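The values are calculated or read from the model by the stated rules, or taken from the named source; none is laboratory data. Values in this document were obtained by computation on a predicted structure and should not be read as measured data. Please note: Cβ atoms are built from the backbone with ideal geometry, for glycine as well, and neighbour counts cover all protein chains shown.
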Ligand code: IFM
């Protein structure tokens with residue numbers, strides 16, 4: 001038996017494959033683009049600390065300036081308008097609006113997001129906010145060991161309620177967390193991300209506190225706003241590399257740790273039994289009532305999809321047939337897995353409407369005579385939009401797509417070495433240049449906008 005990969009999504013892509021209200025967007029996050037790390041009362045984050053530790057970031061860089069978006073946001077909003085984006089997904093930096101993560105609010109920090117949201121609305125672009133995209137106030141790490149402590153849960157809910165109270169009427173959606181798997185596993189088990197801890201039990205406890213904080217924040221925000229609320233998960237569907245029982249079991253466990261560990265408590269009210277058994281003493285401490293809080297109803301589910309995982313007991317995993325290529329991150333390009341995965345989520349969880357809140361590729365882009373000819377990114381976009389259209393055809397309720405990312409930016413432990421943007425950023429001059437993929441996406445969005453509307 002050969003590896004069962006989904007059938008390739010072939011055929012022409014047309015804008016008419018997406019309904020008239022489909023939302024076209026692009027996404028970023030605060031730490032990756034804003035800069036102004038120490039301006040206007042922003043407190044330090046765990047990523048500022050992590051970047052300062054030798055050897056953590058491959059190019060030794062940090063987020064102090066990044067894309068200088070906090071000063072250049074009018075230019076960036078103008079670029080979004082030129083692209084024809086209907087929506088923009090950004091995150092708020094908790095330490096910018098509450099330097100220590102508890103105590104006084106920082107009005108100068110809130111004023112920045114107030115200006116950004118107004119600029120988006122004036123440009124006719126829907127603002128979609130995420131509350132936590134990894135930049136925890138460092139003071140919370142010092143005081144409570146960050147997400148390892150349950151004491152962080154009410155603090156996050158207070159922060160969420162304050163954002164919802166101030167901005168709920170102007171935000172089109174609010175997501176609590178971005179990619180809790182990365183925070184827990186990459187931050188606390190493998191130490192690739194801040195705060196750089198290697199302790200599986202701590203990582204699993206962190207995952208539970210993140211989910212609980214999400215549930216508590218949903219309740220706190222519902223009390224003060226009517227904005228649609230949700231969460232954003234990163235899913236990397238797992239496949240056995242070989243048709244062996246061992247690889248199949250490995251893929252099932254990997255799926256348990258990445259997909260079911262988060263989907264089951266959110267939509268079914270419990271952690272998956274096989275993963276709990278696997279974790280043994282490293283399973284998190286759960287209080288009675290926690291699962292009821294975590295599984296509060298949501299208005300949308302954000303899915304970030306980039307690639308699949310091939311799992312094998314043979315290391316390195318043996319090559320599989322039909323590989324279409326790899327991005328500059330070394331991630332395999334597998335658009336069909338997106339179709340298959342969305343259909344599976346729909347079938348197994350009956351989730352609320354889905355947004356693809358991130359999808360995109362890093363490419364070794366070059367600026368040549370004022371142009372960035374990134375054909376590989378155009379091919380990636382085209383094939384993933386086709387895969388998405390196939391999922392919609394299969395009946396999956398997908399409402400929008402946000403390309404990751406609007407701009408080249410700080411790619412965490414890869415520093416500025418990896419470029420994901422539709423728009424090239426020259427970090428020495430901060431000059432922005434729309435890549436060929438930006439022109440392609442703009443044309444596609446324009447085609448969609450020209451489709452005849454019913455009525
Ligand atoms: O840059 C990240 C983003 O912050 C979270 N999702 C994955 C992207 C690419 O690695």
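Only one of the listed residues (23, 65) is closer than 18 Å to residue 113 by Cα and surrounded by fewer than 22 Cβ atoms within 10 Å (Cβ to Cβ). That residue is 65. Of all positions in the range 106-121, none carries a residue that is touching a strand residue (DSSP E or B) at 6+ places or on another chain (Cβ under 8 Å) and not in a helix (DSSP H, G or I). Of all the residues in the range 165-196, those that are without any contact (Cβ under 8 Å) to a residue 12 or more places away in the chain and surrounded by 19 or more Cβ atoms within 10 Å (Cβ to Cβ) number 1. Restricting 259, 286 to residues that are within 16 Å of the ligand (Cβ to nearest atom), in contact (Cβ under 8 Å) with a residue 24 or more places away in the chain and on the phi < 0 side of the Ramachandran plot narrows the list to 259.
Evaluating residue 234 against the criteria (1) touching a helix residue (DSSP H, G or I) at 6+ places or on another chain (Cβ under 8 Å); (2) away from the ligand (no atom under 13 Å from the Cβ) leaves one unmet condition, (2). When residue 182 is tested against (1) part of a helix (DSSP H, G or I); (2) over 17 Å from residue 282 (Cα atoms); (3) in contact with a helix residue (DSSP H, G or I) (Cβ under 7 Å, 6 or more places away or on another chain), only condition (3) is not met. Pairing residues of the range 306-331 that are over 24 Å from residue 342 (Cβ atoms) with residues that are within 14 Å of the ligand (Cβ to nearest atom), at Cβ distances under 8 Å and at least 6 apart in sequence or on separate chains, gives 328/361; 328/362; 328/363; 328/418; 328/419.
For the range 37-45, the criterion of being away from the ligand (no atom under 16 Å from the Cβ), under 27 Å from residue 196 (Cα atoms) and touching a strand residue (DSSP E or B) at 6+ places or on another chain (Cβ under 7 Å) is met by at least one residue. Residues of the range 31-45 include none that is out of contact with any helix residue (DSSP H, G or I) (no Cβ under 9 Å at 6 or more places or on another chain), outside any loop (DSSP other than H, G, I, E, B) and either at pLDDT 95 or above or closer than 27 Å to residue 157 by Cβ (or both). For the range 112-143, a residue qualifies if it is crowded, with 17+ Cβ neighbours inside 10 Å and over 23 Å from residue 28 (Cα atoms), and the qualifying residues are 139, 140, 141. Count of the range 297-334 residues, restricted to those that are within 16 Å of the ligand (Cβ to nearest atom), closer than 27 Å to residue 268 by Cβ and not in a loop (DSSP other than H, G, I, E, B), is 5. Among what's in the range 189-215 and is assigned to a helix (DSSP H, G or I) and more than 20 Å from the chain's Cα centre (by Cα), pick the residue that is nearest to residue 163 (Cα to Cα). Ranking the qualifying residues of the range 189-215, first place goes to 205.
Listed here are the residues, each with its yes/no results for (1) assigned to a loop (DSSP other than H, G, I, E, B); (2) farther than 20 Å from residue 114 by Cα; (3) touching a helix residue (DSSP H, G or I) at 6+ places or on another chain (Cβ under 6 Å).
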| site | (1), (2), (3) |
| --- | --- |
| 158 | no, no, no |
| 164 | no, no, yes |
| 169 | yes, no, no |
| 187 | no, yes, no |
| 217 | no, yes, yes |
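With respect to the stated conditions, residue 162 fails to be free of Cβ contacts under 8 Å to residues at least 40 places away in the same chain and more than 16 Å from the ligand (Cβ to nearest atom).
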